[in-house]
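Everything below concerns the one structure shown next.
The values are calculated or read from the model by the stated rules, or taken from the named source; none is laboratory data. As the structure is a computational prediction, the values presented were derived from the model and not from experiment. Neighbour counts are summed over all protein chains in view; Cβ atoms, including those assigned to glycine, are modelled from backbone coordinates with ideal geometry. Ligands, DNA and RNA are excluded from the accessible area calculation, which covers all protein heavy atoms including side chains. Shrake-Rupley method; radii C 1.70, N 1.55, O 1.52, S 1.80 Å.
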Amino acid sequence: MSIFTRIAGTGSYLPPRRVSNDELAKTLAGQGLETSDEWIVSRSGISARHFADDGVMASDLGCMAAQRALAMAGLQPDDIDLIILATSTPDFLGGFPSTACVVQSKLGITNHCAALDVQAVCSGFVYAVSVADSFIRSGMHKRVLVIGAEVFSRILDFNDRTTCVLFGDGAGAVVLEASQEPGVLATRLHADGRHADILCVPGVVNSGALAGSAFLHMDGQAVFKLAVSVLEEVAHEVLDAAGMPASSIDWLIPHQANIRIMQGTAKKLGLPLEKMVVTVDQHGNTSAASIPLALDAAVRDGRIQRGQHLMLEGVGGGFTWGAALVRF
């Protein structure tokens, strides 16, 4: 009998501090930088974002999102036999111990389940879903907690208005479990390291000292040009793999980076904008957390119903991209 993967529960969490464009503009003005709500919205579609308080880590946000996903699935933490956490802002320098292991501890999981981090920046959640699906289909694991958690505010240069206005903090999670009925219908992942320099944090640690910059660097025009192209291509790849037309998509849930990229992708797929889940206006770009945040929002407000087909797709630094076609 074939083993498939289904989404048993979703969850998300945003830190309480909401920062509007007007508030951020006032902060930047105090540093001699000019920006405005109109300027930010016109270029990105972003009106607000959430920033974590000092001392709050990616694991804290991820733990809250995971608890909500477990509750929806009707499961206890020790029911999970694998944790995969996607992040570019891990709790510890060097990424170890992994943030997934920290979440395991904070959730109180004592069954010695495997736990690992995935680093594919904004594509991280799709990468993690694909890895989890493979583990479940192989029979190695039955219930996988997949989390995207970020505190991007920690790596933003608030002297660079072209990047600091775009990103926010948050976490989203799903519980994936083995099923006799298909849920994750197809996934495809890609990367092109030749474009590593267009979206990166170019600092390195040497003998305990930082060389280079610890702040995010982005060539916005280069990212935009690549993103629209590869997102269309990978969406068609998963549709072809599943043997389904684009018209079968009930909801497009893209990485919430820029409303113009998102709208461009929907247009290329021939989908009306009403079929696209949008949270970028209130969340900003939360990197690996953006897709599960948007997914959970649409599940909890009733837009997404069981049996509907969802296209999840992301693109991020590396340069990475991927998509998953899911029957919810």
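Couple of notes before you dig in:
- Between Arg300 and Lys267, full extension at 0.36 nm per residue minus the direct alpha carbon distance yields a gain of 9.3 nm.
- Candidates per GluC sites (Glu not before Pro) in segment 14-73, loop by DSSP, up to 14 other Cβ within 10 Å: Glu34
- 222 nm mean residue ellipticity, helices alone, for the chain (DSSP H n ≥ 4; -39,500 (n - 2.57); rounded to 500): -10000 deg cm²/dmol
- For the chain, a Gaussian network of Cα nodes joined below 10 Å ranks Gly168, Gly183, Gly108 by mean-square fluctuation, and the top entry is Gly108.
- Applying the criteria of a DSSP loop state and at most 16 other Cβ atoms within 10 Å to the chymotrypsin sites (Phe, Trp or Tyr not before Pro) of segment 83-173 yields Phe92, Phe158.
- Cα→Cβ-extended label distance, 7 Å offset, between Asp281 and Met1, nm: 4.6
- All lysines inside 28 Å of Lys268 as judged from Cα atoms, apart from same-chain residues fewer than 8 positions distant: Lys225
- Largest-first principal axis extents, alpha carbons of segment 116-265, Å: 51, 36, 28
- Rounded to the nearest 5, the antiparallel percentage of DSSP beta bridges internal to segment 82-224 is 60%.
- Note on the chain: GNM, Cα springs under 10 Å; of Ala128, Ala58, Ala25, the largest mean-square fluctuation is that of Ala25.
- GNM result for the chain, Cα springs below 10 Å: residue of Leu231, Leu75, Leu176 fluctuating most strongly: Leu75
- In this structure, the amide hydrogen of His50, modeled 1.01 Å from its nitrogen in the peptide plane, lies closer than 5 angstrom to those of Val19, Asp169, counting only residues at least 5 positions away or on a different chain.
- Accessible carbon and sulfur surface of segment 39-130 relative to its total accessible area, %, 1.4 Å: 57
- When the alpha-carbon atoms of the chain are used, the pair Rg, Dmax equals 18.7, 64 angstrom.
- Where both bridge residues fall in segment 194-328, DSSP classifies roughly 70% of the beta bridges as antiparallel.
- For the pair Ala196 and Ser213 in one chain, pulling the backbone fully straight at 0.36 nm per residue adds 4.6 nm over the alpha carbon distance.
- Gyration tensor (alpha-carbon) shape descriptor, segment 285-328, a/c threshold 1.5: oblate
- Annotation for segment 220-316: trypsin sites (Lys or Arg not before Pro) lying in DSSP loop with at most 12 further Cβ atoms inside 10 Å of their Cβ are Arg306.
- Stretchable slack from Met140 to Ser248, in nm (0.36 nm times residue separation minus alpha-carbon distance): 35.8 nm
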